[in-house]
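Below you'll find the structure, written out as structure tokens, and then a few comments.
The values are calculated or read from the model by the stated rules, or taken from the named source; none is laboratory data. None of the values given here were measured: they were computed from a predicted structure. For neighbour counting, all protein chains shown are included, and Cβ atoms are generated from backbone atoms with ideal geometry for every residue, glycine included. Ligands, DNA and RNA are stripped out before the accessible areas are found, and what is left, the full protein with its side chains, is counted by its heavy atoms. Shrake-Rupley method; radii C 1.70, N 1.55, O 1.52, S 1.80 Å.
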Amino acid sequence: RNQANVRNFSIIAHIDHGKSTLADRILEKTQALSQREMKEQFLDGMELERERGITIKLNAVRLSYTDKHNDDYLFHLIDTPGHVDFTYEVSRSLAACEGAILIVDAAQGIEAQTLANVYLALDNDLELIPVINKIDLPNADTDRVARELEDVIGIDRDDVILASAKDDIGVDETLERIVSDIPSPAGSSENPLQALIFDSLYDPYRGAIAYICVREGSVKLGDKIRLMANGKEFEINEIGVFAPNPEKRDELTVGDVGYLTASIKNVGDTRVGDTITHAKNPAENPLPGYKQLNPMVFCGLFPVNSGQYNDLREALERLELNDSSLQYEAESSQALGFGFRCGFLGLLHMEIIQERLEREFNISLITTAPSVIYEVEKTDDETIEVENPSAMPDAQLIKDVREPFVKATIMVPNDYVGSVMEIAQKKRGEFITMEYLDEVRVNITYYIPLSEIVFDFFNQLKSRTKGYASFDYDISGYRSSNLVKMDILLNGETIDALSFIVHRDFAYERGKHIVDKLKDLIPRQQFEVPVQAAIGNKVIARSTIKAMKKNVLSKCYGGDISRKRKLLEKQKEGKKRMKMVGSVEVPQEAFMAILEMD
Ligand code: GDP
Ligand code: MG
């Protein structure tokens, strides 16, 4: 093995532009997989990922390639997740590379995540290989997209590969360009060890498995290693590469990409972005770019059936083993009983965890509306973090409330600029810039409160732009806002799980909207139920759920048995996600009602 013949690279693209398809072609051509193993889109492993067409877990595959001069090369293809929630993981996996293939769809052009990924690649000094994919499509507009690449990213037209991953056009050229354009890894095997952890996962038998890229030095089976973020030391009991299935080795050296295990019980010890060095003769400094990831979005998860509380706790423990950015702590709600307050990197991360709990662990959940972390400065000068709206102090105890803002990047055809601005305005956005990418497409940036992004922003953007908008965001910091807590009362009782934080200017409108919505969502009870929205002691909106008129079954009295059974079944179905809250039966949708405001 010759270090000069190693190429470490990644593929970056907006979702659906063809990353997995191109990766498959590359895998086929480098004969990494036998026919039997070759299943479609190898890199997207998990079932859930496949269904949603996204990549959550990073992967690294070792490939061998013989170029047109008959020289042998060792490629490491490092996969990156494709969603804004996982930006940090993307940046760390790019840090393991010297180059990246940049894919842009020939019919779509540059999208929000194309740019976000390009910035991450440039931050990491990567060589870019631009590929315009899907040139086989009848509506491909290769010229326009090439011009966009030139104008927006500064890529020379002559450097662009025209490809169809589907029809195997341009794939051979891409492989040659990996050899000619991407530099080999720079480090030296003589230096003290610096291995970057760019992913980790948990195996119940072997403990944490760290995915690593050796940037300096080399590392052997049996070595005593140190994790530089927390100083903990472990002895390596397995080390290997992905070819693409895991294969044991005795040693990894500079430029190598692979994995190691060391009886590390807690996956939180192998943090993405951390540096592994030797306990003896350690590196002086860790590799740059490590940061501790903090959850940004919180919600309550409660079992529909309180008997499943322990199942839920065990399931969360299991999921946390594989996901050090998932946080949870026990929470008890007067309305919903015992459950957990959980923290996530973003909305997609939250949905993925909820879905896995239900699918893989068979737990039926009531989830409360997501919330962000507010910084609350109280009149006694203490500053607290509030991640659960029901914990917001009373208004008279508050001096200042600050909330996280994001810098949002939205790209749309110019016909939709008006709609985007309208949504951004309604979401308390502060305009930053608007730039034309080409004659028809516009890049708009805004500062928007993260809480407003959480409140149904994606869906509104999608529907108002007929799906043509793409969207990406970065957290930009905390700012003061005039925020108040809104309580919801059912039958005169405050329902803690329905409280939410709202800007004072929107309080009346949202309060009115939610009481009307709850009136429709909550089924009629035997008695009349008033629904109220209140700020402090002041009720600002009210509606009434009328009492049930008759027992539905009395209509089929004596008669048609099958109709009666159908009704019973329907009622049972409806009951699945119901929760008795005080004396009122409340369905799951009610807890999400504040998310759908239009
Ligand atoms: P990813 O989200 O970037 O991984 O995109 P995928 O590789 O999953 O591709 C998204 C969709 O585009 C799939 O339906 C692919 O079959 C399709 N696709 C990928 N490459 C091409 C191509 O070169 N031509 C055409 N027509 N479709 C393609
Ligand atoms: Mg994919």
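Some notes on this structure:
- Search result, residues across the stretch 408-433 that are open to solvent by 40 Å² or more (accessible area, probe 1.4 Å), part of a strand (DSSP E or B) and farther than 30 Å from E382 by Cβ: F431, I432, T433
- Boolean, I448 is at pLDDT 95 or above and more than 21 Å from the chain's Cα centre (by Cα): no
- In this structure, S20 does not satisfy being at pLDDT 70 or above, outside any loop (DSSP other than H, G, I, E, B), closer than 25 Å to L252 by Cα and within 16 Å of ligand 2 (Cβ to nearest atom).
- Residues satisfying the stated conditions in the stretch 96-154, i.e. closer than 30 Å to D274 by Cβ, open to solvent by 10 Å² or more (accessible area, probe 1.4 Å) and small (G, A, S): A116
- Among (1) closer than 28 Å to E377 by Cβ; (2) among the small types (G, A, S); (3) crowded, with 21+ Cβ neighbours inside 10 Å, the one test that S476 misses: (3)
- Only listed residue being touching a residue at least 40 places away in the same chain (Cβ under 8 Å) and not polar (S, T, N, Q), chosen from K220, K166: K166
- Within the stretch 112-133, one or more residues are free of Cβ contacts under 8 Å to residues at least 40 places away in the same chain and over 17 Å from F9 (Cα atoms).
- Flag for S480 being modelled with pLDDT of 95 or more and touching a strand residue (DSSP E or B) at 6+ places or on another chain (Cβ under 7 Å): yes
- Single match in F344, F338 (criterion: open to solvent by 20 Å² or more (accessible area, probe 1.4 Å) and at pLDDT 90 or above): F338
- Inspection of the stretch 168-178 finds no residue satisfying the criterion of being open to solvent by less than 40 Å² (accessible area, probe 1.4 Å) and part of a strand (DSSP E or B).
- Any hit, the stretch 253-271, residues being outside any strand (DSSP E or B), among the hydroxyl-bearing types (S, T, Y) and closer than 30 Å to S184 by Cα: yes
- The listed residue being closer than 28 Å to K291 by Cα, within 16 Å of ligand 2 (Cβ to nearest atom) and modelled with pLDDT of 85 or more, out of I56, I26, I78: I78
- So D85, is it in contact (Cβ under 8 Å) with a residue 60 or more places away in the chain, open to solvent by 10 Å² or more (accessible area, probe 1.4 Å) and farther than 26 Å from L27 by Cβ: yes
- The residues listed here are G240, G231; of these, the one that is surrounded by fewer than 20 Cβ atoms within 10 Å (Cβ to Cβ) and touching a Pro at 6+ places or on another chain (Cβ under 9 Å) is G240.
- Each residue in the stretch 278-305 was checked for being of a type in the set (G, A, S), surrounded by fewer than 19 Cβ atoms within 10 Å (Cβ to Cβ) and within 29 Å of the chain's Cα centre (by Cα), and 1 of them qualify.
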